[in-house]
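**Q** Let me give you the structure first, and then I'll get to my questions.
A short reminder: the numbers here are calculations on the coordinates, not readings from a lab. The shown structure was predicted, so the numbers you read here are calculated from the model rather than taken from an experiment. Cβ placement follows ideal geometry from the backbone for every residue including glycine, while neighbour counts extend to all protein chains displayed.
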């Protein structure tokens, strides 16, 4: 259901009273009651009197409308109207493939809220616009929107972890993992102090911090952060907390080239994901596992995990996930000496990923280089290898960069 945004009504209260009375087939005398005479009603309708609060309540009850509607022409207050529009737009951002309309509504609410001095609604609208920008892959806009929202109305990370997660991940996608590290470090410190019993939030930001540290090349500290979080999570019944931590260790190990350790932890994460029926995260687990298997030249295992990921992602997968699937398919084609397939899948991955997600872009260019090499296009392959190395080094994938060099 789409909720329409309506501005303030211009119909005077007297005209509205007369319209409602006529619509209900009532005379002024029939509408009158003790304390609200028909002459008084006549003067209100003529615009000569402003009704008292008592009169508004009595007239609204007899006309079967709310006092707010009789007085203002709206059934809800302005703050409630903005709340309704925000909730509708936020839901559309989550459920719709095309976020254009939701972002347009959020822009209108943002302007309206700022004019009204409603900083809470303005901040919330900016957050929604930041989420929309991140989903479209415009991470610079996402960072600007989210930073503006937090400046206007600060929110605590344990109450809105999604805001800080998106902000940090957008910094990382822009090639600024150091900024992401600072965001997640501050969040983890604040949550540990303000909500020491909130293990889920602590684990979530420990995993995010580990990702950012890995992207920044600090693999030793990335592993240390996760292992500390695992100790804090001992006895925690929430399987998603352990999934995040196992995944963080696997990712860090894979980036460093420790394939055996990476496979051990990603298999533990996948086992838990299969028990929770979290299909999107399970698909991402299979994608990570397929990448590790392909590096070890295991064709059948790579194909199996890519097929499982493709089936789980379905037709409405996020672009980044589809891009990673195409990279995996390009690697598989290269293992099978299908040069044209490797090039085609790598090019499709680059089209999907675009200029954002630099680490993934580097992986796609590396796959493209291998495809060119199989085709015998040595000059194209050399250029692609050089570009892949540059991207992988900049985004903390030094082991992959060394392998691609």
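**Q** Give just the number: which of (1) touching a residue at least 24 places away in the same chain (Cβ under 8 Å); (2) more than 28 Å from residue 189 (Cβ to Cβ) does residue 247 not satisfy?
**A** Result: residue 247 fails condition (2) only.
**Q** Does at least one position in the range 78-91 carry a residue that is under 20 Å from residue 16 (Cα atoms), out of contact with any strand residue (DSSP E or B) (no Cβ under 9 Å at 6 or more places or on another chain) and not in a helix (DSSP H, G or I)?
**A** Within the range 78-91, not a single residue is under 20 Å from residue 16 (Cα atoms), out of contact with any strand residue (DSSP E or B) (no Cβ under 9 Å at 6 or more places or on another chain) and not in a helix (DSSP H, G or I).
**Q** Select, from 59, 31, 20, the only residue that is in contact with a strand residue (DSSP E or B) (Cβ under 9 Å, 6 or more places away or on another chain), free of Cβ contacts under 8 Å to residues at least 60 places away in the same chain and farther than 24 Å from residue 129 by Cα.
**A** Answer to the check: 59.
**Q** Given the residues 96, 123, which is the only one that is without any contact (Cβ under 8 Å) to a residue 24 or more places away in the chain and either surrounded by fewer than 23 Cβ atoms within 10 Å (Cβ to Cβ) or under 16 Å from residue 148 (Cβ atoms) (or both)?
**A** Exactly one residue qualifies, and that residue is 96.
Results for (1) over 24 Å from residue 79 (Cβ atoms); (2) assigned to a loop (DSSP other than H, G, I, E, B), shown as yes or no for each residue.
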| residue | (1), (2) |
| --- | --- |
| 26 | yes, yes |
| 29 | yes, no |
| 40 | yes, no |
| 51 | no, yes |
| 57 | no, no |
| 68 | no, no |
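**Q** Also, I was wondering about something else. Would you check if residue 273 is over 30 Å from residue 144 (Cβ atoms), buried (at least 19 other Cβ atoms within 10 Å of the Cβ) and within 22 Å of the chain's Cα centre (by Cα)?
**A** Taking the combined requirement at face value, the residue satisfies it.
**Q** Which count do you get for residues in the range 196-208 that are under 17 Å from the mean Cα position of the chain (by Cα) and either within 10 Å of residue 248 (Cβ to Cβ) or surrounded by fewer than 24 Cβ atoms within 10 Å (Cβ to Cβ) (or both)?
**A** 3
**Q** Further, regarding this structure: For the list (1) part of a helix (DSSP H, G or I); (2) farther than 21 Å from residue 250 by Cβ, I need the number of the one condition that residue 355 fails.
**A** (1)
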